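The values are calculated or read from the model by the stated rules, or taken from the named source; none is laboratory data. All values derive from a computational prediction rather than experimental measurement. Methodologically, a virtual Cβ is constructed for each residue, glycine included, from the backbone with ideal geometry; neighbour enumeration extends over all protein chains shown. Keep in mind that these areas ignore ligands, DNA and RNA; they rest on the heavy atoms of the full protein, side chains included. Shrake-Rupley method; radii C 1.70, N 1.55, O 1.52, S 1.80 Å.
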Amino acid sequence: MAGVEDQVSSLPNSLPITPRTAPMFHHDDQFGSVPITPRTASVAQTPSILSLPITPRTARTPSIVSLPPSQFHSPSLSRSPLLLTGDHATNKPVKTPRSRGLTPRFITPLGSPLRKALKMTRLDPQDAWLPITESRNGNAFYAAFHTLCSGIGIQALVLPVAFTILGWAWGIIGLTVAFVWQLYTLYLMVQLHENHETGLRYSRYLQLACATFGENLGKLSSAFPLGYLSAGTCCALIIIGGSTAKLLYETLCGATCSNPKPLTVVEWYLVFTCVAVVLAQLPNLNSIAGISLIGALTAVGYCTALWTVSVAEGRLPNVSYEPVRKGSQVNKIFDLLNAFGIIAFAFRGHNLILEIQATMPSSEKHPSRVPMWRGVQFAYLLIAMCLFPLAIGGYWAYGHLIPANGSVLTALFAFHSQDVSRSVLALISIFVIINAVSSFQLYGMPMFDDMESAYTTRCKKACPWWLRSIFRAIFGFVCFFIAVALPFLGSFTGLIGGIALPITFAHPCFMWLKVKKPKKYSLSWWVNWGLGLLGMGLSVILIAAGLYVVIDTGVKISFFNPQ
């Protein structure tokens, strides 16, 4: 007996003895699951057991490998959990399932004991197929690049036009209040991106609106403004980019241009669109972080160059700072409101905040709101350093002489094209063009996401690269067609600002009240109710004022005739 005991004790520790009643494992290639045979199975019933490797019983513990249990997930579209085990969980790359039918039926019930024991969560397989959530390796720097590129744009160049109506005092007050207000609501959006109770991440503005206000009301209140802020902005960027490209060509060539037939405005629109469509082939939001960085740097560059050159050239002769108010008392009131709409239009970009934050990894220990808010703070510090000097310096230099439907860029070329070096004017134009191309990618991404979402929902598989390219090319050239057909979109700046105002100033306050439920009559309750109701009221008034100004002053309608 002592010899037998010595032999048994000399066996290696890596080969534990498995009882005859141990569970018998086999591999399922379809589900990656681990079926367990009954404990009453005998050796005679399972003769292949002798050929199986002997493995410790703890080696096959089921685990969720797509995402850790403590990680936040986007709202599920399939409502089906994914369970992977064994070698799939450790040695082989995980592939996103291609349809709902791959989910084992026995783990489908949300309240099943097995689901609760494994802390399983609903995963959305479409998130890995769509351009906004395809990559989640973003960081605070990426967030700063995207936020800065979307926060500074061509809309900032029309701020001095609002000052010509409001004057110094009300112009600065309106700009400051709008900046602080939208920064506060942006903070609310960053906090609302993750829901700690449900473990969900709202990766798109419309998802959060529907989850908060209900499916019908959420789409009714947010779908059109969001669509316009994406597609409408891309159309405006084609108009601005193409026109500035023509201006650049004329600046560089001047009177010595030997080309007898230079490109027309429509042809410059087409050139700009082709460049934008080529860059739009980058697959997801994280992949355009470098483009957003270039767009942000060029935006800071042309904003700084415009106000510094304008101030350096000095005030124009006979410049006046008296508010331009013509007509009856009603006209003056509506002009004032339209000016506030122009300021509101300058602070867009909230429709992209949740999408930008969706590119970051997030868990309970390391939520995405921390690096996102750091990136936002840095971005908006630079935005303030650009917008305030541009509005104040531009108004100081040109006063009431700024064209009513123009901008600081238009005024610079109109009054200083002979005084300023052609190289400086060309550099500013190049910055504007590059920023417009970069912003096109960022504002077009939600539309790309919507088009691909329709395909993946219907076909239950990822969009192939060639179809993705076709979708984006179609979107780009539809925007080109609209830009050529409606070149007067810039005349509706105040009206557009009123339509988009709730997205930035009102809806986040109501979302905070509905989701966070602050104590009744507390400071947070009063602030959010007050700002939300004030934002909705201002939106209605600004829309009415924008329509009145357009009808009263008249808009030069020129279909298919851009100038």
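Conditions (1) in contact with a Leu (Cβ under 7 Å, 6 or more places away or on another chain); (2) crowded, with 16+ Cβ neighbours inside 10 Å, marked per residue:
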{"site": "Phe415", "(1), (2)": "yes, yes"}
{"site": "Asn435", "(1), (2)": "no, yes"}
{"site": "Arg458", "(1), (2)": "no, no"}
{"site": "Phe475", "(1), (2)": "no, yes"}
Failed item, numbered, when Pro487 is tested on (1) at pLDDT below 90; (2) within 27 Å of the chain's Cα centre (by Cα); (3) open to solvent by 40 Å² or more (accessible area, probe 1.4 Å): (3)
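Val408 - would you say it is over 28 Å from the mean Cα position of the chain (by Cα) and β-branched (Val, Ile, Thr)?
Working: over 28 Å from the mean Cα position of the chain (by Cα): no; β-branched (Val, Ile, Thr): yes.
Answer is no for this residue.
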For region 351-373, give me the residue count where each residue is basic (Lys, Arg) and open to solvent by less than 10 Å² (accessible area, probe 1.4 Å). 0
Which of the residues that make up region 348-395 are free of Cβ contacts under 8 Å to residues at least 12 places away in the same chain and within 15 Å of the chain's Cα centre (by Cα)? none
Report yes if some residue within region 443-465 is hydroxyl-bearing (Ser, Thr, Tyr), closer than 18 Å to Phe272 by Cβ and under 19 Å from the mean Cα position of the chain (by Cα); otherwise report no. yes
Inspect region 166-174 for any residue being in contact (Cβ under 8 Å) with a residue 60 or more places away in the chain, closer than 21 Å to Glu355 by Cβ and either under 18 Å from the mean Cα position of the chain (by Cα) or surrounded by fewer than 23 Cβ atoms within 10 Å (Cβ to Cβ) (or both) and give the result as yes or no. no
So Lys261 passes all but one of these: (1) assigned to a helix (DSSP H, G or I); (2) at pLDDT below 90. Which condition number does it fail? (1)
Identify, by number, the condition in (1) in a loop (DSSP other than H, G, I, E, B); (2) open to solvent by 50 Å² or more (accessible area, probe 1.4 Å) that Arg348 doesn't meet. (2)
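Answer yes or no as to whether Leu148 is open to solvent by 10 Å² or more (accessible area, probe 1.4 Å), out of contact with any Gly (no Cβ under 6 Å at 6 or more places or on another chain), modelled with pLDDT under 90 and closer than 30 Å to Pro283 by Cα. Outline the logic, then answer.
Details: open to solvent by 10 Å² or more (accessible area, probe 1.4 Å): yes; out of contact with any Gly (no Cβ under 6 Å at 6 or more places or on another chain): yes; modelled with pLDDT under 90: no; closer than 30 Å to Pro283 by Cα: yes.
Criteria not met by Leu148.
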Residues (among the aromatic types (Phe, Trp, Tyr) and open to solvent by less than 10 Å² (accessible area, probe 1.4 Å)) located in region 195-250: Tyr205
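Yes or no: region 389-401 includes at least one residue that is in contact with a strand residue (DSSP E or B) (Cβ under 9 Å, 6 or more places away or on another chain) and surrounded by fewer than 22 Cβ atoms within 10 Å (Cβ to Cβ). Before you say what the answer is, go through the steps one by one.
Just the residues of region 389-401 that are in contact with a strand residue (DSSP E or B) (Cβ under 9 Å, 6 or more places away or on another chain), to begin with: none.
No, that holds for no residue.
Every residue, every condition in (1) open to solvent by 50 Å² or more (accessible area, probe 1.4 Å); (2) among the hydroxyl-bearing types (Ser, Thr, Tyr); (3) over 27 Å from the mean Cα position of the chain (by Cα); (4) at pLDDT 90 or above, yes or no:
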{"residue": "Ala296", "(1), (2), (3), (4)": "no, no, no, yes"}
{"residue": "Gly301", "(1), (2), (3), (4)": "no, no, no, yes"}
{"residue": "Val309", "(1), (2), (3), (4)": "no, no, yes, yes"}
{"residue": "Gly314", "(1), (2), (3), (4)": "no, no, yes, no"}
{"residue": "Pro317", "(1), (2), (3), (4)": "yes, no, yes, no"}
{"residue": "Glu322", "(1), (2), (3), (4)": "yes, no, yes, no"}
{"residue": "Gln329", "(1), (2), (3), (4)": "yes, no, yes, no"}
{"residue": "Leu337", "(1), (2), (3), (4)": "no, no, yes, no"}
Would you mind telling me which numbered condition in (1) on the phi > 0 side of the Ramachandran plot; (2) modelled with pLDDT of 90 or more Gly399 fails? (2)
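Against the definition (modelled with pLDDT of 90 or more, closer than 25 Å to Val275 by Cα and hydrophobic (A, V, I, L, M, F, W, C)), how does Leu425 come out, yes or no?
For Leu425, the condition - modelled with pLDDT of 90 or more, closer than 25 Å to Val275 by Cα and hydrophobic (A, V, I, L, M, F, W, C) - is met.
Filter region 262-290 down to the residues that are β-branched (Val, Ile, Thr) and open to solvent by 10 Å² or more (accessible area, probe 1.4 Å), then identify the one that is nearest to the chain's Cα centre (by Cα). Let's see the steps before the verdict.
Restricting attention to region 262-290, the residues satisfying the condition of being β-branched (Val, Ile, Thr) are 264-266, 271, 273, 275, 277-278, 288.
Going one step further and asking which of them are open to solvent by 10 Å² or more (accessible area, probe 1.4 Å), we end up with 264-266, 271, 275, 277-278.
Numbers: Thr264: 33, Val265: 30, Val266: 29, Val271: 26, Val275: 21, Val277: 18, Val278: 20 Å.
Among them, the one singled out is Val277.
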Quick one: which of Thr244, Thr185, Thr233, Thr212 is under 26 Å from Val319 (Cβ atoms) and part of a helix (DSSP H, G or I)? Thr244
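Kindly evaluate Phe179 against the criterion of being more than 20 Å from the chain's Cα centre (by Cα), closer than 23 Å to Ala236 by Cβ and either open to solvent by 30 Å² or more (accessible area, probe 1.4 Å) or not charged (D, E, K, R) (or both).
Details: more than 20 Å from the chain's Cα centre (by Cα): no; closer than 23 Å to Ala236 by Cβ: yes; either open to solvent by 30 Å² or more (accessible area, probe 1.4 Å) or not charged (D, E, K, R) (or both): yes.
So Phe179 fails the test.
Here are Leu534, Leu542, Leu538: which of them is of a type outside the set (Val, Ile, Thr) and open to solvent by less than 40 Å² (accessible area, probe 1.4 Å)?
Working: Leu534 fails: open to solvent by less than 40 Å² (accessible area, probe 1.4 Å); Leu538 fails: open to solvent by less than 40 Å² (accessible area, probe 1.4 Å).
Result: Leu542 is the single residue among Leu534, Leu542, Leu538 that is of a type outside the set (Val, Ile, Thr) and open to solvent by less than 40 Å² (accessible area, probe 1.4 Å).
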Out of curiosity, is Gly341 touching a Ser or Thr at 6+ places or on another chain (Cβ under 6 Å), on the phi < 0 side of the Ramachandran plot, touching a residue at least 60 places away in the same chain (Cβ under 8 Å) and not hydrophobic (A, V, I, L, M, F, W, C)? no
For region 387-442, which positions are closer than 25 Å to Gly341 by Cα and not in a helix (DSSP H, G or I)? Ile402, Pro403, Ala404, Asn405, Gly406, Ser407
